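The values are calculated or read from the model by the stated rules, or taken from the named source; none is laboratory data. Every value quoted in this text rests on a predicted model; they were computed, and no experiment measured them. In this analysis, Cβ positions are derived from the backbone assuming ideal geometry, glycine residues included, and neighbour counts consider all displayed protein chains. Heads up: the accessible areas ignore ligands, DNA and RNA and are worked out on the full protein's heavy atoms, side chains in. Shrake-Rupley method; radii C 1.70, N 1.55, O 1.52, S 1.80 Å.
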Amino acid sequence: QRYDCTGKAGIHPLCRITAILRMIGYGDAADRQDEYLHISETETIDSVKEFARHMVQVFGNEYLCHNPTQEEKARILALNEQRLFPGQFASWDCKHFIWKNCPIVLAGQHRGHAEGGKNTLILEAIADLDLYCWFLYFGDVGSLNDINVLDKSSIVASILDGTFDLKTEKYEINGHVRNWIYFLANGIYPDWAIFVKTVGNPITPMEILFATLQEGNRKDVERFFGVFVSRFHLLGRPLNFWYME
């Protein structure tokens, strides 16, 4: 809390934090905080940006890109084995967020097929059945599709350099022994060993059963996106800030 030259106290930190949490949690407009907390629109926006920077700096390594321990892997793999997918760790997908204040010079590359052709930024995420997000990668232009995002993804880079360890205890599927985890993904993703996709046109009873189970379990990441936006209402509205970071 700062004081001016006459000794008058400025905005109390608790008032500032309240304004930040109301804006993030309720999706309130920045200028609405003036009526309730006597904080200007500019000050609220600056505070939200500063709050976000501190959250990433302090908690980013623990929550934004968290390499699971062997105990965490074992727990999740055991739960997914009960869902008839031994070796499955989580689900992998992307979501578009509308970027309202996208600069004109960047508008063309951010306009894609999603959200009615509006300017968007893409969030890539890996989420498990508990809706815990293990990896996040945000900021790709909206004109890309999921496979283009994958080519640039920091998540893939983490897998390639060993930061995200895929190895696990050996398990068997249809007579094949494997010792690495895999992810459920939709049909656009490449035919990599770490991706298990649905059957495009299931015909036999076995194919129909597999497609039903795969598509049902893959909804974990879709549920994560839904809960993510409903918990932080700011994300349910067009992104207003100019700077992507």
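Quick notes on this one:
- Ranked by solvent-accessible area (1.4 Å probe, protein heavy atoms only, all chains present), the residues 72, 245, 124 order from largest to smallest as 245, 72, 124.
- In the assembled protein chains, residue 53 presents an accessible area of approximately 130 Å² (probe radius 1.4 Å).
- Radius of gyration, Dmax [segment 175-245; alpha carbons; angstrom]: 17.1, 53
- Taking every lysine pair in the chain that is 8 or more places apart or spans two chains, those with Cα atoms closer than 16 Å amount to 7.
- Exposure check, 1.4 Å probe, all protein chains in place: residue 69 carries approximately 60 Å² of accessible surface.
- Backbone geometry of segment 216-224 corresponds, through the Karplus equation with coefficients 6.51, -1.76 and 1.60 at θ = phi - 60°, to 3J(HN,Hα) couplings of x, 5, 5, 5, 3, 6, 5, 5, 4 Hz, x marking Gly and Pro.
- Accessible-area ranking of 177, 156, largest first, probe 1.4 Å: 177, 156
- The chain, accessible surface, carbon-and-sulfur percent (1.4 angstrom probe): 57
- Exposure of residue 137 as accessible area (Å², to 10), given a probe of 1.4 Å and all protein chains: 50
- Largest-first ellipsoid semi-axes for segment 57-132, taking √(5λ) over the Cα gyration tensor eigenvalues, angstrom: 35, 17, 7
- Measuring between their Cα centroids, segment 51-98 and segment 99-117 lie 29 Å from each other.
- Heavy-atom accessible area order for 55, 206, 23, largest first, 1.4 Å probe: 206, 55, 23
- Where the alpha-carbon atoms of segment 111-221 are placed on the principal axes, they occupy 46, 37, 26 Å, in descending order.
- Distance (nanometres) between label positions extended 7 Å along Cα→Cβ at residue 203 and residue 242: 5.8
- Applying 0.36 nm per residue to the separation of residue 26 and residue 194 and subtracting their alpha-carbon distance, the gain on full extension is 56.7 nm.
- Considering only the chain, percent of DSSP beta bridges that pair antiparallel, nearest 5: 80
- For segment 174-179, the Karplus equation 6.51 cos²θ - 1.76 cosθ + 1.60, evaluated at θ = phi - 60°, returns couplings of 6, x, 9, 8, 10, 9 Hz by residue, with Gly and Pro reported as x.
- Based on DSSP H segments of at least four residues, each scored -39500 (n - 2.57), the chain has a per-residue ellipticity at 222 nm of -12000 deg cm²/dmol.
- Net lengthening on full extension, residue 159/residue 115 (0.36 nm per residue, minus Cα-Cα): 12.8 nm
- Taking the Cα centre of segment 1-108 as reference, the dipole from Cβ charges on Lys and Arg (+1) and Asp and Glu (-1) amounts to some 160 debye.
- Shown here: percent of Cα pairs over 32 Å apart, derived from the displayed model; of the candidates (i) 33; (ii) 17; (iii) 24, it corresponds to (i).
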